[in-house]
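The values are calculated or read from the model by the stated rules, or taken from the named source; none is laboratory data. Quick caveat: nothing in here was measured; it's all calculated off a predicted structure. Heads up, the Cβs are rebuilt from the backbone with ideal geometry, glycines too, and the neighbour counts pull from every protein chain shown.
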Amino acid sequence: MMFMIMCTDKPGLLETRMAIRPQHLAYLQAYEERILVAGPLQNEQGKSCGSLILIEVPDRAAAEGFAISDPYAKADLFESVIIRPFKQVIKDGSFIENKPLKMSVSPKE
């Protein structure tokens with residue numbers, strides 16, 4: 001089952017994030033085959049302020065275990081962590097299931 005893990009950093013902890021980043025990346029590398037997307041959330045100034053991970057795990061308990069074992073979480077970096085099941089509809093620019101019905105209104109460009 002796929003899960004979205006979105007973590008928001010506590011304010012003022014960018015230096016902590018950067019100091020722990022090598023351990024965090026090593027942790028992600030251990031799960032590389034299960035992670036579909038991962039990267040930092042950024043503020044308007046382009047500075048990291050959180051994390052977003054899409055991961056394939058058996059159940060919510062496994063997603064929670066993954067999240068709390070992250071070195072960032074162990075360093076108490078996060079103000080909030082949201083874990084939700086995720087259903088992918090588009091992959092590599094193409095629908096992976098039945099194509100949706102035609103839209104009556106054109107999407108904005």
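Quick rundown of the values:
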read-out	value
Every residue from region 78-94 that is under 22 Å from SER48 (Cα atoms), out of contact with any Pro (no Cβ under 9 Å at 6 or more places or on another chain) and of a type outside the set (A, V, I, L, M, F, W, C)	SER80, ARG84
Hey, SER69 of a type in the set (Ser, Thr, Tyr) and either in contact with a Gly (Cβ under 9 Å, 6 or more places away or on another chain) or modelled with pLDDT under 95 (or both) or not	no
